[in-house]
1. ³J(HN,Hα) across segment 152-164 via Karplus (A = 6.51, B = -1.76, C = 1.60, θ = phi - 60°), whole Hz, x for Gly/Pro?
2. Each residue of segment 214-221 in order: what ³J(HN,Hα) in whole Hz does its phi give by Karplus 6.51 cos²θ - 1.76 cosθ + 1.60, θ = phi - 60°, with x for Gly and Pro?
3. I'm a student and want to see the number: the projected area of the Cα convex hull of the chain, averaged over all directions, in nm².
4. Gaussian network model of the chain, Cα springs within a sub-10 Å range: biggest mean-square fluctuation belongs to which of 160, 117, 126?
5. Taking amide H positions as placed in the peptide plane 1.01 Å from N, state which residues far from residue 28 in sequence (5 or more) or on other chains have amide H under 5 Å from it.
6. Go ahead and set up a Gaussian network model of the chain, Cα springs under 10 Å, then flag whichever of 353, 221, 272 fluctuates most.
7. Sort segment 318-444 into rounded, prolate or oblate with this rule: let a ≥ b ≥ c be the square roots of the eigenvalues of the Cα gyration tensor; rounded if a/c is under 1.5, and if a/c is not under 1.5, prolate when a/b is larger than b/c, oblate otherwise.
8. Set the Förster radius R0 to 51 Å, insert the Cβ-Cβ distance between residue 140 and residue 23 as r into 1/(1 + (r/R0)^6), and round the FRET efficiency to 0.05.
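All of the numbers you see were taken from the coordinates with simple rules; none came from a lab. Predicted model, so just to flag it, every value in this text is computed and none were measured. As a convention, Cβ positions derive from the backbone with ideal geometry for all residues, glycine included, and neighbour counts pool all protein chains shown.
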Amino acid sequence: MFSKVLIANRGEIAVRIVRACRDMGLHSVAIHSTVDRNSLHVKLADESVCVGGASAQASYLNIPNIISAAEITGAKAIHPGYGFLAENADFAEICQECDLTFVGPSAEVISLMGDKAQAKVTARKAEVPLIEGSEGLLEDSDQARQLAEQIGYPVLLKAAGGGGGKGMRIVRGQGDLESAFQMAQGEAKAAFNNGGLYMEQYLENARHIEVQILFDNEGNGLLFPERECSVQRRHQKLIEESPSPAVTPQARQKLMEYASRIQKAVRYKSAGTAEFLLDKKGGLHFIEMNTRLQVEHGVSEMITGVDIVREQLAIASGNRIGVDQKGLRAGGHAMEFRINAEDPENNFAPSPGVVHRVHLPAGPWVRVDTLLEPGTEVLPHYDSLIAKVMVWGENRNEAIRRARRALSELSIEGPKTTREFHLEVLHNSRFLSGDYSTHFIQEEFGN
Ligand code: MV4
């Protein structure tokens, strides 16, 4: 149905999408900003178009210029990657109006799941367990106070337009509620142009567990074994693994069932992720859905052999998914370590600059997705993720040994990176035992 794909992104994910296109015999068009013209994704794509200046607003978020780039080059599909326009329902709709295939779910589903309070209403109707909280949006701080008394402190105020931890506020007692409500509402309005708030009981020491789904237009599809993403700092994930060391076969069955109910409820198509919290008592609760390809999709690919980006493109072109649930063979254990150009010794401050030399690990069961080559300038204008080191092993211990091997080989001269931090985590007894939660970094590393 389409033979040329425009990639509305940059960095390692744009490179990843170029590779899927080439494997499928599809032509690829890179877009780039003025400061990205020498970047790896531009070199690897078949064609490229400059869409604007350095700031994301001027280029990677510049919808008219991106649509024009597709029209000029004759690309009939747009893959948004993650971040930027990936979960922008208006963009998905504009693509449709311009007869361009948006590689992702429908604008309606993006919009429905983009409102996190509405997503929970959908999940409740589908009989998926939720954390006790408000039914939809809070009306005002009075209603919030009454509800908090009912639920019991601590509670969490969340922005309906947020997600991923943006605009969240923990409230530990009724004295803090009024001001927390006003602040959260103001921040949400400023950040998401949507002041809507909802409330949940705050679960201490929860684990972040998510289920990758991948469905075609006819309702055929796959649910992948869970990924665990509890090693995060300020809501930025640093390490992901699949399967989770905390999920039993019975819990896995439940997770897959819940993800399946959500998929059916909205007839979800393309790749997406249902996020859950696993509480200290083993309870599972749906929290939100991401309607995009995620950074950490590679760990699911490594334990199954499914090329998620390839399937996304096949589904978008109207083909059926290539594998079914019965044919899905998940095995072994995969981990991903995000290499950010940041200084862990200095509160993870960004550390942009020229990479004079780089040596990337390789060898059996090691994969590196990166934007790096010798001489790459890590730019201060964009996300600091510069590489993802992924490993696979027969079991978790083998994956850990392989991760130490791969990260020891990795050498990046120039910017400070998170490499040494990861090597420390790989010798931390709690991480090694699998007994960690979303507070792991704070508890073990003090930030
Ligand atoms: C929570 C929670 C505890 N209780 N909700 C953060 C990201 C977003 N996807 C959901 N998040 C959370 N929601 C309830 N009701 C804990 C998190 C959470 C978290 C909270 C504080 C510090 C670090 C965290 C890391 C991951 C998830």
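1. With coefficients 6.51, -1.76 and 1.60, one gets x, 7, x, 10, 10, 8, 10, 7, 4, x, x, x, x Hz.
2. 8, 10, 9, 5, 9, x, 8, x
3. So the mean shadow area of the Cα hull is 20.0 nm².
4. In the Gaussian network model the winner is 126.
5. So residue 28 has HN proximity to 5, 46, 47.
6. Residue with maximal mean-square fluctuation among 353, 221, 272: 353.
7. Taking the square roots of the gyration eigenvalues as a ≥ b ≥ c, segment 318-444 is oblate.
8. 0.45
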